[in-house]
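Structure first, then comments.
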Amino acid sequence: MNIGRLLSIIASASLALWAPGALAQTDTVKLGVIGSLTGPHSGWDVPASDGVQMAVSEINAAGGFKVGDKTYKFSVVQEDTQSKPDIAATAAQKLLSDEDIRFVMGVLTSTPGVPVANQMARAKVLYVGGFTAMDGLVGTKGKELLLRALDTDETAAKGFVPAAAKELGLKRVGMLLPNDDVSKSIVKIYEPLFKQNGIEVGLVELFQPGTTDFAPVLRKFQNQGLDGLFIGYSDPDAEAIIRQSLEIGGLPTKFVYRGGSSQPAAKYADKIDGFLWQILTRDLANPSDDKVKDWILRYKAFTKKEVTPQTYWALTFYDTVFMLVKAMQEAGTVTDPAAVAAKLKGMAYDGVRRMSYNGEGRAITDIDIGVLKGGKVYSIPQKIL
Amino acid sequence: MGLDIAQTLIDGLMVGGLYATVALGITLVFGLVGILNFAHGQSVMLGAYVTFFGVQAGLGFWLSAALAVLAMAAFGAILEQLVFRRTLGDHMAGLAVSLGLIMVIENLAAATFSPDPRFVDPPVSGSIMVGPLQLSSQRLLVLAISTALIGGFYLFLQRATLGKAIRAMAQNRQGAALVGVRVSLVSRTIFTIGSALAGAAGALYASLFAVTPYMGNTPLTKGFILAALGGLGSVPGAIAAGFLLGIAESFGSRYLSASFRDGYGFILLILALLFLPTGLFGAGKARV
Amino acid sequence: MLTVENLKVAYGRVEAVRGVSFAVPAGQIAALIGANGAGKSSTLNALTGLVRCRGKIAEGDIRFDGLATDAIVRHGVVQVAQGRQLFPLMSVRENLELGAFLRSAADKRRRLDELMARFPLLAERAEQAAGTLSGGEQQLVAIARALMAEPRILLIDEPCLGLAPIMIRRVAAVLRDLHAAGLTILIAEQNASFATAIAEHLLVMENGRITQAGPPAAVMAHADVRRAYLGI
């Protein structure tokens, strides 16, 4: 466990215990948690909600937290967006009808996320979300109290590309991605970054989304003097590309995957010369950091669940709760979301992850880079902050 | 350049063989029973899953593929008995039922197998040099198997007594009944063979591509394009169209844009409908 | 002896055949004559199991009403249906071979050789697609295909429909040959002069019922029939 936080918990706990009359005066801060607890998006949002609940339970068990002279405990009010935008709008309204709720977090998928974020912005509530479409919302006028807890592609790429250069020794790569807006923005971000890191981009190809047979398009990458392929961004696409590259032959056997899992390369580990992927938080599958190991133990004990690739979202929002407490303490208020948001922006927090928000409200956090090389799987921490 | 063209051509043939195998089943059922069997793609998907689970259980690819063919043959026979027998002669009902079947089977598969993609270890891996051409071993194998299946089936239709009865029924249902062909039995046989072919195609798909509950849709759409392109009901037409589509997609993705891959098939279809309204072989009511 | 008792065929609510009874002794040529829609084709189709019917159909003691067409063909009752019902894209040889679908391979070869010897035209056109033949040639192929099954009872629906006079004479000759060979034949025919020329027994159908029956001369002597079919 992180020593700093441990100390702060002990400090607040001891304050709560020793200050005369403090126990009787413990007040409650209502924390809204929103997300798809049911439906297809629940795979993301249930872990996120678990992370918030876990943090709240730890804080409350330690006696709460002190802001100014008062000690507070969290009480969580939860609403289910059911993976649907219309239900999400109603769920957000329901949360907002309770005027004591000034801080809300959750939602990692864009379809239900956008209506939630819009309602939160209108109600001038501090809202920390995670979905991709939030990148277009944070930092715009009237949305000053919105923050996104995940790195943008641009931020993650700043750590990812140098790692690719260093770990795989790439000189010239080809980029192969599905033909959609996400890929187009990925190309725009990564192409210059590759160049800055001394890697030439020999060829960029966008394939039709849903393609299963990559043979013809992979032929384009033959005889181009490439030593690596940059691929994305879903596991099935990546696995199909790796598999079919090996099948066709005459193609690079080093892969840089703009995705969050080693799954696509797992079966081909002994046939390829390297595979890099992004762990947008910390490596939970093969942790090397003690504070990550400790967090995993507590997570398992609290949720009675095993660690899966989706557990990242639990960690993301776990730290976010502690960071919110820190911002409340620095702002000296639990009732003024604007003041707390202002403190969050530009603040750095060293939890299980190292995270910060820039002036617009976009997360800038350190990430781990997953590496599969020589049949071995490991991760390297990458400083971005 | 010449080398590249040859390689692209063979890539196209390899996938084309798969397309043709699927289209064959569709055109067969349509030509004979008059039903556009939308559930055909689901047979491909289920065949792929049988193969995947067979390989996972340690049966090896070949045994699993054989199992997929048998299982799908049984599936086709059951489907004919339970469903399509009752919609004979009512094309709209047949269409509605088979569309409904897609939903039922796909969702059941998603619920049972989970939507996660699975990959089957192919019987051969890597690539081989054929002269100056570097070709995928597994794809060559798939081409060989699909060609053998298609060729074998074509010979069966031309030579075998049952094959002749099938063709006779396609050309004249009443005439076939008059010479003593038991039409209902042949209908079931057709469904069984069509579905078995889909099972074989599923096993071959699984050896190359990801297995998912939704994988049946692409072969199905392409199969229908091909059946139409070949002149609905024409077996040689569907086979030729299958290879043609594979080649068109391969050249399109290689030399034009890969982001338009599935569009090439529709362009072919539209051109064919404009200039060859009766199908590739111009046979009009050309049947099996 | 083919016997039919109280045969009824209905398509939904429309009764096409309303209780028909007749008999064709073995070796006889009989003809059902009547206008379009009188129920002739429905009667033949009922006899070969192509349409559902009620009533009793038997050859001797063996009943075969309600059986499927293939069982009736196996029993030796074969129909040359209206429109010939050939397989147009298949060669003449394939059409004929399919005629012996229920027979052994050896039977099929023997029968094919016999028929090709008997009808040189078939041998001449053996590899031609049946759909490309003239109407008369197709009729010949259709009759030959039926004969491939070696029937004991042959039913022919409108053998002369759409044929040139020369072809009609040829078909008549073939039927007489078959009759001479001992085959029992039942023809459904609108062309009364053809029927009277060839049949030994006429059955006149009107509105699903048999209204007259007997030898051609007797039936044709009947004023109503002459008016209706011969226009005199």
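The values are calculated or read from the model by the stated rules, or taken from the named source; none is laboratory data. Please read all numbers here as calculations on a predicted model, not as lab measurements. Note that each Cβ is placed from the backbone with ideal geometry, even for glycine, and that neighbours are counted across all protein chains shown. Calculation scope for accessible area: heavy atoms of the full protein, side chains included, ligands and nucleic acids excluded. Shrake-Rupley method; radii C 1.70, N 1.55, O 1.52, S 1.80 Å.
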Of the candidates A:Thr316, A:Thr308, the one satisfying the condition of being modelled with pLDDT under 95, of a type in the set (S, T, N, Q) and more than 27 Å from A:Gly136 (Cα to Cα) is A:Thr308
Breaking point among (1) surrounded by 17 or more Cβ atoms within 10 Å (Cβ to Cβ); (2) within 14 Å of another protein chain (Cβ to nearest Cβ); (3) of a type in the set (A, V, I, L, M), for A:Leu203 | (1)
Could you tell me whether C:Val78 is within 10 Å of chain B (Cβ to nearest Cβ), of a type in the set (Val, Ile, Thr) and open to solvent by less than 10 Å² (accessible area, probe 1.4 Å)?
-> yes
Please find, among A:Gln310, A:Gln222, the residue that is open to solvent by 40 Å² or more (accessible area, probe 1.4 Å) and within 14 Å of chain B (Cβ to nearest Cβ).
-> A:Gln310
Does segment C:29-52 contain at least one residue that is assigned to a strand (DSSP E or B), in contact with a Phe, Trp or Tyr (Cβ under 6 Å, 6 or more places away or on another chain) and either buried (at least 21 other Cβ atoms within 10 Å of the Cβ) or among the polar types (S, T, N, Q) (or both)?
-> no
Residue list for segment A:228-272, restricted to those being under 23 Å from the mean Cα position of the chain (by Cα) and polar (S, T, N, Q) | A:Ser234, A:Ser261, A:Ser262, A:Gln263
Sort out which residues of segment C:173-223 are over 22 Å from C:Leu47 (Cβ atoms) and open to solvent by less than 30 Å² (accessible area, probe 1.4 Å), and write them in order of number.
-> C:Met220
Return the total of residues in segment A:265-304 being farther than 30 Å from B:Gly126 by Cβ, open to solvent by less than 80 Å² (accessible area, probe 1.4 Å) and at pLDDT 90 or above.
-> 10
Would it be correct to say that B:Ile128 is farther than 18 Å from B:Met215 by Cβ, away from chain A (no Cβ under 12 Å) and open to solvent by 30 Å² or more (accessible area, probe 1.4 Å)?
-> no
State whether the residues of segment A:178-199 include one that is within 13 Å of chain B (Cβ to nearest Cβ), more than 22 Å from B:Thr218 (Cβ to Cβ) and among the β-branched types (Val, Ile, Thr).
-> yes
Sort out which residues of segment A:162-218 are in contact with a Pro (Cβ under 7 Å, 6 or more places away or on another chain) and farther than 30 Å from B:Asp4 by Cα, and write them in order of number.
-> A:Asn197
Residues located in segment B:172-194, provided they are within 16 Å of the chain's Cα centre (by Cα) and open to solvent by 10 Å² or more (accessible area, probe 1.4 Å) = B:Thr192, B:Ile193
Among (1) at the interface with chain B (Cβ under 9 Å from one of its Cβ atoms); (2) at negative phi, the one test that C:Ala126 misses = (1)
Given (1) within 11 Å of chain A (Cβ to nearest Cβ); (2) over 18 Å from B:Leu13 (Cβ atoms); (3) at pLDDT below 85; (4) crowded, with 24+ Cβ neighbours inside 10 Å, B:Gly231 misses just (1)
Would you mind telling me which numbered condition in (1) open to solvent by less than 50 Å² (accessible area, probe 1.4 Å); (2) at negative phi; (3) not in a loop (DSSP other than H, G, I, E, B) C:Gly55 fails?
-> (2)
If you check every pair at least six apart or on different chains, which have Cβ atoms under 6 Å apart with a residue in segment B:145-171 that is within 14 Å of another protein chain (Cβ to nearest Cβ) first and a residue that is in a helix (DSSP H, G or I) and open to solvent by 20 Å² or more (accessible area, probe 1.4 Å) second?
-> B:Gly163/B:Phe156
Considering only helices (runs of 4 or more DSSP H) fully contained in segment B:1-118, which possess at least 3 residues that are within 14 Å of another protein chain (Cβ to nearest Cβ)?
-> B:2-33, B:40-56, B:91-113
For segment B:128-178, list the helices (runs of 4 or more DSSP H) that sit wholly inside it and hold at least 2 residues that are farther than 26 Å from B:Met14 by Cα, of a type in the set (A, V, I, L, M) and out of contact with any Phe, Trp or Tyr (no Cβ under 6 Å at 6 or more places or on another chain); which are they?
-> B:161-171, B:173-178
Matching option when the condition is within 29 Å of B:Ser234 (Cβ to Cβ), open to solvent by 10 Å² or more (accessible area, probe 1.4 Å) and in contact with a helix residue (DSSP H, G or I) (Cβ under 9 Å, 6 or more places away or on another chain), among B:Val50, B:Val15, B:Val33, B:Val55 | B:Val33
Within segment C:46-62, residues being touching a residue at least 60 places away in the same chain (Cβ under 8 Å) and within 14 Å of chain B (Cβ to nearest Cβ) number 2
Hey, among B:Gln138, B:Gln134, which residue is surrounded by 14 or more Cβ atoms within 10 Å (Cβ to Cβ), polar (S, T, N, Q), in contact with a strand residue (DSSP E or B) (Cβ under 8 Å, 6 or more places away or on another chain) and within 8 Å of chain A (Cβ to nearest Cβ)?
-> B:Gln134
Among the numbered criteria (1) in the same structural domain as A:Thr316 (by TED's automatic domain parsing); (2) closer than 28 Å to B:Gly126 by Cα, which single criterion is violated by A:Asn223?
-> (1)
Is one or more of the residues making up segment B:234-245 at the interface with chain A (Cβ under 9 Å from one of its Cβ atoms) and surrounded by 24 or more Cβ atoms within 10 Å (Cβ to Cβ)?
-> no
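One line per residue, one yes/no per condition, for (1) over 15 Å from the mean Cα position of the chain (by Cα); (2) part of a helix (DSSP H, G or I):
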site	(1), (2)
C:Leu98	yes, yes
C:Phe101	yes, no
C:Lys108	yes, yes
C:Arg111	yes, yes
C:Glu127	yes, no
C:Ala144	no, yes
C:Pro151	no, no
If you check every pair at least six apart or on different chains, which have Cβ atoms under 6 Å apart with a residue in segment A:84-102 that is in the same structural domain as A:Gly32 (by TED's automatic domain parsing) first and a residue that is open to solvent by 90 Å² or more (accessible area, probe 1.4 Å) and in a helix (DSSP H, G or I) second?
-> none
Any hit, segment A:255-267, residues being touching a Pro at 6+ places or on another chain (Cβ under 7 Å), hydroxyl-bearing (Ser, Thr, Tyr) and assigned to a loop (DSSP other than H, G, I, E, B) | yes
Elements of type helices (runs of 4 or more DSSP H) contained in segment A:70-181, each with 3 or more residues being of a type in the set (D, E, K, R), open to solvent by 40 Å² or more (accessible area, probe 1.4 Å) and more than 15 Å from A:Val33 (Cβ to Cβ) = A:153-168
Give me the pairs: first residue in segment C:188-207 and in the same structural domain as C:Arg18 (by TED's automatic domain parsing), second residue of a type in the set (Phe, Trp, Tyr), beta-carbon distance under 7 Å, and six or more apart or on different chains, which are they?
-> C:Ala192/C:Tyr229; C:Leu203/C:Phe22
